[in-house]
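Visitor: Quick one: the structure is below, questions incoming.
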Amino acid sequence: MLLEKIKPDIDENELVRLLGGEEYKELSYSIRKKLKRWNEKLDDFLRPRLLYSIHKIKSSRGSLILENNLEFKSQKISKVFKGCSTLVCFLVTIGNDIEKEIIRHTLKKRSSDAYILDAIGSVLVENMAKKFHRRMEKKFQEEGKALTIRLSPGYCDWLLEEQRKIFSLLDSDKAGVELTDSCLMKPRKSISGIFGIMPSTNRKIYPPYNPCSECEKVDCIARRDVIFEHEKESMSY
C-alpha cells in the first residue's frame with residue numbers, strides 16, 4: 001500500500017467543456033471572473049490524496065482474476081488486460097472541504113458559484129488520476145513496460161458494485177474516503193480505478209485495446225479517443 005503526493009491542476013479545456021462552452025473566451029465575463037476568484041482560493045479547499053497498490057494477475061480470460069482469486073467481472077476489462085501480468089489499483093481524492101463549500105453556496109442560493117466549483121472539483125480530481133497514470137507510465141517505461149488505459153467501476157460493462165472489490169485492495173481510510181451502501185464514494189470528488197502493466201516491444205508503446213473503439217455511443221461523456229492518453233496530451237504541448 002503506497003501513498004503518493006500529487007497536486008492537481010485545472011485542465012482549462014475540460015473545465016470549459018463541463019461549463020457548456022467550447023473555448024474559454026466564449027464564457028461570459030461574470031463566469032470568467034468567478035473562475036479567476038475560485039482559482040486564487042483553491043489551495044484553501046484542496047486536500048489531495050492518492051493511494052495505490054500493485055497486484056499480480058492470475059487470468060484475464062472472460063474476466064480478470066488476481067493472484068488472491070479476487071475476480072473483476074467484465075469481458076471488456078478482460079480484453080483491456082490481455083497480456084498483462086500486473087494490475088495497479090488506485091484511489092484519488094481532493095478531499096471533502098470543496099464539497100462543503102459547494103453545499104454552503106447551494107444553501108445560500110448562490111447556484112452559479114456552486115455549479116462552477118462543482119465543475120472545478122471534477123476537473124481537479126480527474127487531473128490527479130491522469131497525472132498518476134502518466135507518472136506510472138514513465139516509471140514502467142524505464143523497465144521496458146507499457147500501461148493500459150485507466151478503467152473505473154461503472155465504465156462499459158463493469159458494474160458499479162465492483163467498487164467494493166477495489167476498496168478491499170486498499171486501506172481507503174488512509175485516503176479519507178469511504179464507500180456508501182450504494183457504492184458511491186465520499187468525498188464525492190474521488191476516483192477509484194485500475195490499469196494494467198504489460199511488456200513493451202523495444203520500448204515503443206502502442207495504444208492498448210480501448211473499448212470505446214467498438215462503441216457507437218459517440219456522445220458519451222466518458223468516451224475516450226482510441227489514441228493513448230499520453231500521446232493525445234503530448235500533441236497539445
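Visitor: Give the lysines reachable from LYS186 as a straight Cα distance under 19 Å; neighbours fewer than 8 places away on the same chain don't count.
Guide: Once the sequence-local lysines are set aside, what remains near LYS186 is LYS100, LYS165, LYS174.
Visitor: Just in the range 59-131: which trypsin sites (Lys or Arg not before Pro) are loop by DSSP and have at most 12 other Cβ atoms within 10 Å?
Guide: Passing both the DSSP loop test and the Cβ count: ARG61, LYS108, LYS109.
Visitor: Based on other C-beta atoms within 10 Å, arrange SER190, SER30 from fewest to most.
Guide: Result, fewest neighbours first: SER30, SER190.
Visitor: Using a 10 Å cut-off around each Cβ, can you sort TRP158, TRP38 from fewest to most neighbouring Cβ atoms? Present the calculation step by step, with values, prior to reporting the outcome.
Guide: On the way: TRP158 23, TRP38 18.
Lowest count first: TRP38, TRP158.
Visitor: Suppose a student asked you for the relative contact order of the range 2-204, using Cα pairs under 8 Å spaced at least 6 residues apart; what percent would you report?
Guide: It comes to 27 percent, rounded to a whole number.
Visitor: Sticking with this structure for a sec: May I ask you to list the aspartates and glutamates whose Cα is less than 13 Å away from that of LYS189, ignoring any residue fewer than eight positions away on the same chain?
Guide: Output for LYS189: ASP97, GLU99, GLU101, ASP118, GLU126, GLU178.
Visitor: Expected output is a single nm value to one decimal: the length gained when fully extending between LYS5 and LYS25, i.e. 0.36 nm times separation in residues minus the C-alpha distance. What is it?
Guide: 3.9 nm
Visitor: How would you rank LEU66, LEU117, going from fewest to most other Cβ atoms within 10 Å of each one's own Cβ?
Guide: Values: LEU66 19, LEU117 24.
By the 10 Å Cβ count, ascending: LEU66, LEU117.
Only the coordinates and a few stated rules stand behind these numbers; no lab work does. Worth saying up front: this structure is predicted, and the values here are computed from it rather than measured. Glycine gets a Cβ as well: all are built from the backbone with ideal geometry, and neighbour counts include every protein chain shown.
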